[in-house]
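What follows is calculated from the coordinates using simple rules that are stated; it is not laboratory data. These numbers come from a predicted model, not from an experiment. Cβ placement follows ideal geometry from the backbone for every residue including glycine, while neighbour counts extend to all protein chains displayed.
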C-alpha cells in the first residue's frame with residue numbers, strides 16, 4: 001500500500017478493527033535518519049485519533065498501541 | 001551586583017526599549033542604574049518553573065530560551081521562543097504565580113534584575129512603564145500570530161512563518177542579516193512549538209531544501225528564497241511592529257481578506 005504523504009515516506013499499512021479502518025501507518029524513509037525504518041501513525045480514526053501522532057519501532061508495537069487505544073476510552 | 005553605567009547588559013535593554021520608543025536622557029540613566037547579576041546557564045535547564053513566585057526578572061543577553069508547559073506522557077507545548085534582548089518573565093512583575101515554565105534551549109547568559117528595582121523604575125518613569133507594557137503587548141501579538149498558524153496554517157506554511165518571524169526578530173537585535181540567522185534549536189523544539197511531530201518537521205525541511213527555499217548548515221538558517229517564503233506563509237510583519245526596510249514584506253497583505261468569511265454554521269445544527 002502506497003500512501004501519498006507528500007514526502008518520501010510512502011510505504012504504508014492500513015489497520016482495520018472489526019472491519020473498520022482504524023489507522024494508517026507509514027514507514028519512515030532514510031531521510032529521517034535516527035527514525036528511519038520506524039512506523040509513524042499517519043492517521044488514526046475514532047479512538048485511535050490523537051493530538052500527537054506517535055512513532056513505533058515496529059509493526060507489533062504499533063498494533064499493540066492501537067489495540068490499547070481501542071480497548072480503553074480516553 | 002554591578003551598577004556601572006556602561007554595563008553591556010543594560011545597553012541591550014536600552015536598545016530593546018528604544019526600538020519601540022525614544023527614551024529621554026533621564027530614563028536612559030535610570031535604566032543604567034538598575035542593579036543586575038549576570039548568570040550563565042547550561043542548555044536545557046529551567047530558569048523559572050511553573051508555580052514559582054519569582055522576585056526578579058531575567059533579561060536574556062546571549063542564547064535562546066523558551067516558555068513551555070508539560071502535559072502527561074512527556075508531552076511538551078512550547079509557547080514562545082526567546083532571544084537576546086527579551087525579558088520572557090517580565091509578566092512576573094505583576095502576575096505573582098508563573099503559569100508556565102521558562103527554560104534555556106542553548107547555553108544562556110541572563111541579567112537578573114530584582115522586581116523591586118523594576119517597580120521603583122517604572123513608578124518614577126511612566127515612559128519606561130509604557131515601554132515595558134508595550135513589550136508585553138507585543139508578546140501577546142506574537143502569541144496571537146502563533147494561534148493563527150496553529151489553527152489555520154498547514155505544516156509547511158507554519159514552519160515557513162516561524163522562520164520569517166525568527167529571522168526578522170533576530171535581525172532587529174542585530175543577530176541576523178542577509179537572510180541568514182542562527183537556528184540553534186532542534187526539530188523536536190520546532191515540533192513542540194508548532195503542535196506537530198518531528199516527522200512532520202523533517203518532511204517540511206526536506207521539501208524546503210528540495211525546493212531551494214532554505215538551507216540549514218551548522219545551526220545556521222539561510223533563507224534562499226525570502227519572497228517565496230513570505231508568500232507561502234502569508235507573512236504580514238505588522239504584528240512585530242519593527243522598523244521596515246526596503247525589501248521587507250508589505251504590511252497590508254491580510255487586510256484585503258477582511259470580511260470574506262468562508263462559511264458559517266450555527267452551533268448546534270446537525
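May I ask for the angle, rounded to the nearest 10°, between helix B:8-18 and the longest principal axis of chain B, with both axes built from Cα atoms and the value confined to 0 to 90°?
60 degrees
Whole-Å semi-axes of segment A:12-71's equivalent ellipsoid, largest first, each the root of 5 times a Cα gyration tensor eigenvalue? Please report the intermediate quantities before stating the final value.
Numbers: eigenvalues 83, 22, 20 Å².
They are 20, 10, 10 Å, listed largest first.
If segment B:153-255 were replaced by its equivalent ellipsoid, with semi-axes equal to the square roots of 5 times the Cα gyration tensor eigenvalues, what would those be, largest first, whole Å? Write down the numbers at each step before the final one.
Numbers: eigenvalues 88, 49, 34 Å².
Computed over segment B:153-255, the values are 21, 16, 13 Å.
Using Cα centres only, tell me the gap between segment B:131-174 and segment B:42-115 in whole Å.
17 Å
What are the extents of the Cα atoms of chain B along their three principal axes, listed from largest to smallest and rounded to whole Å?
So the three principal-axis extents are 56, 47, 47 Å.
Using the number of other C-beta atoms within 10 angstrom as an exposure proxy, rank B:107, B:16 with the fewest first.
Values: B:107 15, B:16 18.
If I rank by nearby Cβ atoms, fewest first, I get B:107, B:16.
Sequence gap at least 6, Cα distance under 8 Å: using those rules, report the relative contact order of chain A to the nearest whole percent.
Worked out over chain A, it gives 19 percent.
Report the Cα centroid-to-centroid distance between segment A:55-74 and segment B:175-254 in angstrom, as an integer.
35 Å
Taking square-rooted eigenvalues a ≥ b ≥ c of the alpha carbon gyration tensor, is segment B:105-201 rounded, prolate or oblate, where a/c under 1.5 means rounded and, failing that, a/b exceeding b/c means prolate? Don't jump to the answer; show the numbers that get you there.
Working: a/c = 2.21, a/b = 1.86, b/c = 1.19.
It comes out prolate by the Cα gyration axes.
Under 8 Å for C-alpha pairs, at least 6 residues apart: give me the relative contact order for chain B, rounded to a whole percent. Please list the in-between numbers first.
On the way: 410 pairs, mean separation 45.7, N = 270.
Reported as a whole number, the value is 17 percent.
When averaged across all projection directions, what area in nm² does the alpha-carbon convex hull of the protein assembly as shown cover?
Details: hull surface 85.9 nm².
For the protein assembly as shown, the mean projected area of the Cα convex hull comes to 21.5 nm².
Using the count of nearby Cβ atoms within 10 Å as a rough guide to exposure, how do A:52, B:167 rank from fewest to most? Numbers along the way, then the final one.
Working: A:52 16, B:167 21.
Placing the least packed residue first, the sequence is A:52, B:167.
Between residue B:19 and residue A:18, what FRET efficiency follows from the Cβ-Cβ distance if R0 is 56 Å, with the result rounded to 0.05? Walk me through the numbers on the way to the answer.
Numbers: r = 60 Å, r/R0 = 1.07.
The computed FRET efficiency comes out at 0.40.
Calculate the spin-label point distance for residue B:222 paired with residue B:46, positioning each point 7 Å from the Cα along the beta-carbon direction, and give it in nanometres.
4.0 nm
Of all the Cα-Cα pairs you can form in segment B:8-139, what percent are over 26 Å apart? It would help to have the intermediate numbers written out before the result.
Numbers: 1654 of 8646 pairs.
Percent of Cα pairs beyond 26 Å in segment B:8-139: 19.
Rounded, prolate or oblate, given the Cα gyration tensor of segment B:202-245, with a/c below 1.5 counting as rounded? Show your work: numbers first, answer last.
Working: a/c = 2.41, a/b = 1.75, b/c = 1.37.
It is prolate, given that a/c is not under 1.5 and a/b is the larger ratio.
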